[in-house]
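The values are calculated or read from the model by the stated rules, or taken from the named source; none is laboratory data. None of the values given here were measured: they were computed from a predicted structure. Note that we place each Cβ from the backbone using ideal geometry, even for glycine, and neighbour counts take in every protein chain shown. Please note that ligands, DNA and RNA were not included when accessible areas were found on the heavy atoms of the full protein model with its side chains. Shrake-Rupley method; radii C 1.70, N 1.55, O 1.52, S 1.80 Å.
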Amino acid sequence: MSSHISPSAPNSERVRICISVIRACNLPNVDKCSPIDAYVKVDLPSCAAQRTKTIDNCSNPVWDAKLFFEVDASVVYSSTLVQFDLYDENTMKDTYVANVSVILNPQVFTTGNMQLPLSFAKEKYRGAEPSYLEVNFSAVYTFDSVVRRLQHIPGFQFNAMDKKLYVPFPLGWGPLLLGLEFEGSRIDVKVYQIAPATEIYLDMALTTAQKTKIRRRSAAGQPTPIESTSLSYYEEIKLDDVPASADFSQLVIWRFKKQVLETLSLDSVVREHGWKGAMSFATASKALRGVHLDQAEEAIYMPLAQGNCFLLIDFDKGNVDMKCLALETPANAHVAYDLAIRGAYNKKTSEVYVPSKAILGGKYRAMRRTELDDVPFGTAFATMEWSKYGLSEAMQISVADLVKLRPF
């Protein structure tokens with residue numbers, strides 16, 4: 001495990017930036033016979049110009065193009081002009097239509113999406129409605145650049161070969177460790193609980209996303225080694241494939257104190273609805289009572305927690321996925337639900353829906369789904385349990401604040 005990397009002076013460091021050309025609105029018809037075939041060329045001094053694809057016959061094109069540039073960090077502070085040129089693509093020669101420029105500085109990386117009024121090459125291109133180009137600037141965090149920023153933090157460790165790094169949480173958060181694993185243009189974000197602490201409940205979400213899918217791993221009493229380190233964990237939550245250009249101030253981690261309010265064997269839950277032995281979906285859908293059926297998905301919904309939660313049994317290609325759905329109700333404001341196989345290493349995923357997700361034809365709305373992954377067909381319900389936790393003493397921190405990660 002490496003523990004040191006030679007720092008570079010900020011003005012000599014090479015950094016990657018991402019310039020997103022998102023969309024344009026109210027573009028003119030340059031050719032009288034058809035709408036514009038629009039593309040945008042982005043010019044950053046000292047770098048090769050880049051362009052979006054062409055969107056044909058559209059006055060409100062949406063490109064969602066991410067263009068990456070590598071520059072000296074000093075360029076970010078030098079008030080360099082980034083030029084955006086709008087063209088109408090033609091068979092013989094493209095027509096220059098409009099432009100707008102942005103002064104490059106650290107502030108543009110925290111501004112979010114910017115709607116920039118276009119300056120037209122000819123007055124006749126100007127329409128009755130304002131025309132604008134929407135763009136965004138973001139830093140692309142690389143393994144080396146993040147290591148340079150974090151090496152002063154006590155307890156910080158990294159593995160240069162595997163491009164993984166580990167940062168302890170602040171005092172007061174308990175035995176927690178942040179892991180960042182760099183894989184090209186993506187970063188896997190993990191939070192480890194590195195000591196037994198059954199009273200802690202962890203959660204994580206990218207607050208700008210409508211759905212955040214978290215992978216959860218928990219050991220059955222014995223710690224699991226963290227690869228390439230001398231450390232071990234008792235619980236891990238993981239968010240896969242976060243773009244390296246993401247705004248990490250919007251990636252938030254929560255820690256709660258949890259109290260067990262109720263625990264039920266799934267055997268008692270399913271028997272209450274008439275489940276007997278090993279059943280297929282076809283058999284169960286005829287025999288069970290007091291449940292909701294999704295015939296298309298071959299899924300069975302069993303109400304729990306006074307109707308605030310469903311146990312969802314999802315028949316899937318020889319396996320049965322066991323899921324728990326927390327519904328959008330006032331009673332679920334300060335609780336969490338969980339599923340587990342007793343005495344086993346548990347692999348789970350959980351999804352948070354913002355806004356809530358309609359289920360069962362819109363009759364109910366789900367806020368969160370927790371799933372036991374790939375439970376083998378025939379696994380005894382008696383080995384599985386459902387738990388309800390009360391959550392209190394909430395603590396919140398963004399990944400950007402935790403590791404003092406700012407674009408520049």
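Here is the figure for the range 327-385: residues that are part of a strand (DSSP E or B), in contact (Cβ under 8 Å) with a residue 60 or more places away in the chain and aromatic (Phe, Trp, Tyr) total 1. Between Pro223, Pro243, the distinction of being modelled with pLDDT under 90 and farther than 26 Å from Gly172 by Cβ belongs to Pro243 only. Taken together, Asn105, Asn57, Asn90 contain a single residue that is within 16 Å of Ser138 (Cβ to Cβ) and out of contact with any Leu (no Cβ under 8 Å at 6 or more places or on another chain), which is Asn105. Selection of the range 202-223 for residues being of a type outside the set (A, V, I, L, M, F, W, C) and within 26 Å of Phe158 (Cα to Cα) yields Asp203, Lys213, Arg215, Arg216, Arg217, Ser218, Gln222, Pro223. Among the numbered criteria (1) touching a Leu at 6+ places or on another chain (Cβ under 8 Å); (2) open to solvent by 20 Å² or more (accessible area, probe 1.4 Å), which one does Met395 miss? Result: Met395 passes all but (1). Scanning the range 273-296 for residues that are charged (D, E, K, R) and either surrounded by 13 or more Cβ atoms within 10 Å (Cβ to Cβ) or more than 15 Å from Leu311 (Cβ to Cβ) (or both) yields Lys276, Lys286, Asp294. For Leu176, the conditions (1) among the hydrophobic types (A, V, I, L, M, F, W, C); (2) loosely packed, with under 15 Cβ neighbours inside 10 Å; (3) modelled with pLDDT of 90 or more all hold with the exception of (2).
For the range 148-171, the set of residues classified as under 22 Å from the mean Cα position of the chain (by Cα) and of a type in the set (A, V, I, L, M) consists of Leu165, Val167, listed by residue number. Tell me, yes or no, whether the range 15-26 has at least one residue that is at pLDDT 95 or above, open to solvent by 60 Å² or more (accessible area, probe 1.4 Å) and under 29 Å from the mean Cα position of the chain (by Cα). Yes - at least one qualifying residue is present in the range 15-26.
Take the residues in the range 209-220 that are of a type outside the set (Val, Ile, Thr), open to solvent by less than 40 Å² (accessible area, probe 1.4 Å) and closer than 16 Å to Ile253 by Cα, then tell me which one is modelled with the lowest pLDDT. By that ranking, first place goes to Ala209. If you scan the range 198-208, which residues turn out to be more than 11 Å from Val252 (Cβ to Cβ) and surrounded by 15 or more Cβ atoms within 10 Å (Cβ to Cβ)? Result: Ile200, Tyr201, Leu202.
Residue count for the range 258-308 under the criterion of being within 30 Å of Glu199 (Cβ to Cβ) and either among the polar types (S, T, N, Q) or in contact with a His (Cβ under 6 Å, 6 or more places away or on another chain) (or both): the result is 7. The listed residues are Gln115, Gln83, Gln107, and the only one of them that is in a strand (DSSP E or B), of a type in the set (S, T, N, Q) and open to solvent by 80 Å² or more (accessible area, probe 1.4 Å) turns out to be Gln115.
Checking each residue in the range 330-380 for being farther than 18 Å from Glu236 by Cα and aromatic (Phe, Trp, Tyr) picks out Tyr353, Tyr364, Phe377. Residue by residue through the range 282-305, note down the ones that are free of Cβ contacts under 8 Å to residues at least 60 places away in the same chain and under 19 Å from Arg369 (Cβ atoms). Of everything in the range 282-305, those that are free of Cβ contacts under 8 Å to residues at least 60 places away in the same chain and under 19 Å from Arg369 (Cβ atoms) turn out to be Val291, Leu293, Ala296, Glu297, Glu298, Ala299, Ile300, Tyr301, Met302, Pro303.
Listed here are the residues, each with its yes/no results for (1) open to solvent by 10 Å² or more (accessible area, probe 1.4 Å); (2) touching a residue at least 60 places away in the same chain (Cβ under 8 Å); (3) assigned to a helix (DSSP H, G or I).
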{"site": "Gly127", "(1), (2), (3)": "yes, yes, no"}
{"site": "Pro130", "(1), (2), (3)": "yes, yes, no"}
{"site": "Asn136", "(1), (2), (3)": "yes, yes, no"}
{"site": "Val146", "(1), (2), (3)": "no, yes, yes"}
{"site": "Arg149", "(1), (2), (3)": "yes, yes, yes"}
{"site": "Ile153", "(1), (2), (3)": "yes, yes, no"}
{"site": "Asp162", "(1), (2), (3)": "yes, yes, no"}
{"site": "Tyr166", "(1), (2), (3)": "no, yes, no"}
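All of Val252, Val269, Val260 fail the test of being open to solvent by less than 30 Å² (accessible area, probe 1.4 Å) and more than 25 Å from the chain's Cα centre (by Cα), apart from Val269. Within the range 337-366, being small (Gly, Ala, Ser) and touching a Lys or Arg at 6+ places or on another chain (Cβ under 7 Å) holds for Ser350, Ser356, Ala358, Ala366. Residues of the range 75-108 that are more than 20 Å from Asn60 (Cα to Cα), among the aromatic types (Phe, Trp, Tyr) and modelled with pLDDT of 95 or more: none at all.
Condition (residue is open to solvent by 60 Å² or more (accessible area, probe 1.4 Å), in contact with a strand residue (DSSP E or B) (Cβ under 6 Å, 6 or more places away or on another chain) and either of a type in the set (S, T, N, Q) or not in a strand (DSSP E or B) (or both)) applied to the range 307-321: is it met by at least one residue?
no
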